[in-house]
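Peer 1: First the structure, then my questions, so here it is.
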Amino acid sequence: MTTAPADSTGTLAPEYGDKVIAVEAAGSEPIPDAERHGSPLQLLWTWASPNIEFATVYIGVISVLFFGLDFWQATAALLLGTALGSLTQGILSLDGPRFGVPQMAIGRFAFGFRGNLLPSGVNALVAGVGWFAVNSVSAAFALNTLTDLRPLPSLLIVVAAEIVIGFIGHNFVHAFEKYAFPVLAVIFLLAGVWTFKEADLGGSGAGGGIGGFLLAFSTAWGYAAGWNPGSSDYSRYLPRTANRFKTALYPAVGLFVSIAIVSVIGAASATIVAPQDATPTAAFTGHLPSWLSHLVLLAIILGAISANALNVYSSAMSVTSLGLKLPPWLGRSAIVVLAGLAGTAAAWSSLADAGHAYEAFLLVIAYWIGPWLGVVLVERWLQSRTPHETLAARLGDRTFSNWPGIAALLIGIAVSVPLFSNQEKFVGWVPEKWPAFGDITCLVGFVVSAGLYWVLRKKDQPTPA
């Protein structure tokens with residue numbers, strides 16, 4: 001793909017433009033004006049569809065079954081955590097039209113060109129392997145339940161669809177999410193109505209208390225904010241003149257409404273006695289009439305494909321944001337295939353114990369997101385008076401370094417995880433002594449990294465007037 005300079009006036013004819021059935025060639029370089037297209041509205045369904053799926057259901061389920069909350073306590077924790085993660089999704093989406101690059105490339109401001117290798121590499125693994133595996137497993141179980149096809153063949157069918165969508169690229173991803181949205185919304189709303197009819201919303205829970213509430217809150221925040229490292233991946237083709245309020249509003253609303261509704265349905269479903277030894281997806285659909293159960297299983301498959309199309313695409317974007325000099329054949333589309341294959345291997349290995357693997361993953365994901373987000377947001381605030389031309393030039397400057405960013409990120413993780421982690425295989429010092437703290441690792445990491453970065457950045461690199 002021939003690209004124009006970042007400050008192009010848009011006089012060149014677009015080669016990719018708004019073509020849907022065309023393989024995208026762009027990587028982490030700025031999208032020229034000639035290729036800019038679309039409107040902020042498309043961000044609404046692009047961020048809603050991927051969360052109308054079983055993974056979102058499950059954060060509600062574990063809030064009741066594993067964290068010991070009653071329905072109303074779980075609902076409060078889920079809404080609060082989701083709201084915070086959705087707010088930052090909207091804020092970070094604004095950088096897409098402004099700079100025209102993926103979200104992890106924008107991280108070079110906060111971590112420097114070389115320092116950004118760490119968060120970009122982590123996100124490539126988390127999105128392309130971790131999330132890809134989690135969502136593919138839920139879809140495979142749904143296909144297995146629906147057709148009696150064995151789990152492994154079911155998994156392979158699902159991942160093939162996910163990789164193809166990500167391979168084609170940006171415009172096809174947006175189009176797929178647009179048409180998946182109404183189908184997913186109608187089916188899950190029907191399932192929600194039926195679930196609430198059967199649910200015991202007045203149950204007392206298992207005494208999760210404040211600790212359970214904080215666990216559920218952290219899970220919801222980690223789930224919503226887990227999309228933050230890909231925010232501008234899907235807004236970077238928007239024209240520079242795109243309405244800023246709508247560019248922030250639509251992704252935040254799409255993310256919040258979809259996660260809030262579907263996770264609360266999951267919390268309600270957890271109050272219904274499930275068939276013994278049922279798979280997670282079969283447990284969720286066990287109380288539904290057969291016709292609706294079959295539709296929900298289809299929706300679980302479609303929702304997982306919607307989510308993983310974004311995960312594998314953003315994983316590839318993170319790899320291109322590493323700034324490595326890769327061979328010509330190893331472009332964005334080839335990286336999608338490689339990431340998808342790695343995610344498939346991880347999904348295969350977790351088929352036997354998907355429930356516990358997912359619970360642990362949801363908590364761990366927030367452990368790095370909190371500190372990363374703290375640094376990125378503070379940098380965004382501090383650079384408010386830096387000329388745009390200076391920032392745009394800094395994106396491609398391989399000599400630019402910012403040691404306070406990577407230091408604050410690592411220190412935030414080093415402080416928060418050993419002290420506050422509350423995992424099945426590792427319990428930090430604070431929850432071991434005071435279990436009521438639950439798991440506030442992500443909050444502590446966010447605060448520590450944000451505060452430390454502000455102090456170090458102001459001292460070492462004062463923002464130009």
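Peer 1: If packing is taken as the mean number of other Cβ atoms within 10 Å per residue, what is the order of 217-225, 380-388, highest first? Walk me through the numbers on the way to the answer.
Peer 2: On the way: 217-225: 27.7, 380-388: 12.6.
Ranked from most to least packed, the peptides come out as 217-225, 380-388.
Peer 1: Normalising by the residue count of region 1-130, find the relative contact order in percent from Cα pairs under 8 Å and 6+ residues apart. Please report the intermediate quantities before stating the final value.
Peer 2: Working: 79 pairs, mean separation 25.3, N = 130.
Relative contact order, region 1-130: 19 percent.
Peer 1: As an exercise, use a Förster radius of 25 Å and the Cβ-Cβ distance of Trp434 and Ser204 to find the FRET efficiency, rounded to the nearest 0.05. Don't skip to the answer; put the middle values down first.
Peer 2: Values: r = 23 Å, r/R0 = 0.93.
Once the sixth-power term is evaluated, E becomes 0.60.
Peer 1: Using amide H atoms built in the peptide plane, which far-off residues or other-chain residues are under 5 Å from Asn422 H to H?
Peer 2: Sorted by chain and number, the residues that satisfy this are Gly428.
Peer 1: Quick check for me: using +1 on Lys/Arg Cβ and -1 on Asp/Glu Cβ, what's the dipole size of the chain about its Cα centre, in debye to the nearest 20? Kindly include the intermediate steps, with their values, before the conclusion.
Peer 2: Values: 23 positive and 26 negative charges, 238 e Å.
The calculation lands at about 1140 debye.
Peer 1: Turning to a different aspect of this structure: Which one is right for this structure if percent of Cα pairs over 42 Å apart is calculated from it: (1) 18; (2) 12; (3) 26?
Peer 2: (2)
Peer 1: May I ask for the distance between the Cα centers of region 102-120 and region 152-208, given as a whole number of Å?
Peer 2: 31
Peer 1: Which one of Ala220, Ser204, Tyr237 is farthest out on the positive end of the charge dipole of region 161-238, using unit charges on Cβ (Lys, Arg +1; Asp, Glu -1) and the Cα centre as origin?
Peer 2: Result: Tyr237.
Peer 1: Which whole-number percentage describes the relative contact order of the chain, with Cα contacts under 8 Å and a sequence gap of 6 or more?
Peer 2: Working: 905 pairs, mean separation 136.5, N = 465.
Relative contact order for the chain comes out at 29 percent.
Peer 1: I'd like to compare 430-438, 309-317: which one has the highest average count of other Cβ atoms within 10 Å, and what's the full order after that? All intermediate terms of the calculation are to be shown ahead of the outcome.
Peer 2: Values: 430-438: 15.9, 309-317: 30.4.
The densest-packed peptide leads the list: 309-317, 430-438.
Peer 1: Here is a follow-up. Order the peptides 295-301, 208-214 from the highest to the lowest mean number of other Cβ atoms within 10 Å of their residues.
Peer 2: Working: 295-301: 23.7, 208-214: 20.3.
Output ranking for 295-301, 208-214: 295-301, 208-214.
Peer 1: I've got another one for you. Towards the positive end of the charge dipole of the chain, with charges on Cβ (+1 Lys, Arg; -1 Asp, Glu), say which of Pro280, Gly331, Gly68 has the farthest Cα.
Peer 2: After comparing all options, I get Gly331.
Peer 1: Mind checking the angle between helix 290-320 and the chain's longest principal axis? C-alpha axes, 0 to 90 degrees, to the nearest 10.
Peer 2: In the chain, helix 290-320 runs at an angle near 30 degrees to the longest axis.
Peer 1: Near Ile168, within a Cβ-to-Cβ distance under 14 Å, what is the net charge of the other residues, with Lys and Arg +1 and Asp and Glu -1?
Peer 2: Values: positive: Lys19, Arg332; negative: Asp18, Glu24, Glu162, Glu177.
Result for the local shell: -2.
Peer 1: Relative contact order of region 110-163, please, whole-number percent, based on alpha carbon pairs below 8 angstrom and at least 6 residues apart. Could the numbers behind the result be given before it?
Peer 2: Numbers: 21 pairs, mean separation 13.3, N = 54.
Worked out over region 110-163, it gives 25 percent.
Peer 1: Gain in length, Glu389 to Arg150, computed as 0.36 nm per residue apart minus the alpha-carbon separation, to one decimal in nm?
Peer 2: Numbers: separation 239, 0.36 × 239 = 86.04 nm, distance 5.56 nm.
Length gained, Glu389 through Arg150: 80.5 nm.
Peer 1: From the Cα gyration tensor of region 75-230, with a ≥ b ≥ c the square roots of its eigenvalues, which class applies: rounded if a/c is under 1.5, or else prolate if a/b is larger than b/c, or else oblate?
Peer 2: Working: a/c = 1.82, a/b = 1.22, b/c = 1.49.
Note, shape of region 75-230 comes out oblate.
Peer 1: Quickly work out the Lys325-to-Asp460 label distance, labels modelled 7 Å from Cα along the C-beta direction, and quote it in nm with one decimal.
Peer 2: Output for this residue pair reads 2.7 nm.
FYI, it's all coordinate maths here, none of it is from the lab. Remember, predicted model here, so these are calculated numbers, not experimental data. Here the Cβ is made from the backbone with ideal geometry for all residues, glycine too, and neighbour counts use every protein chain on show.
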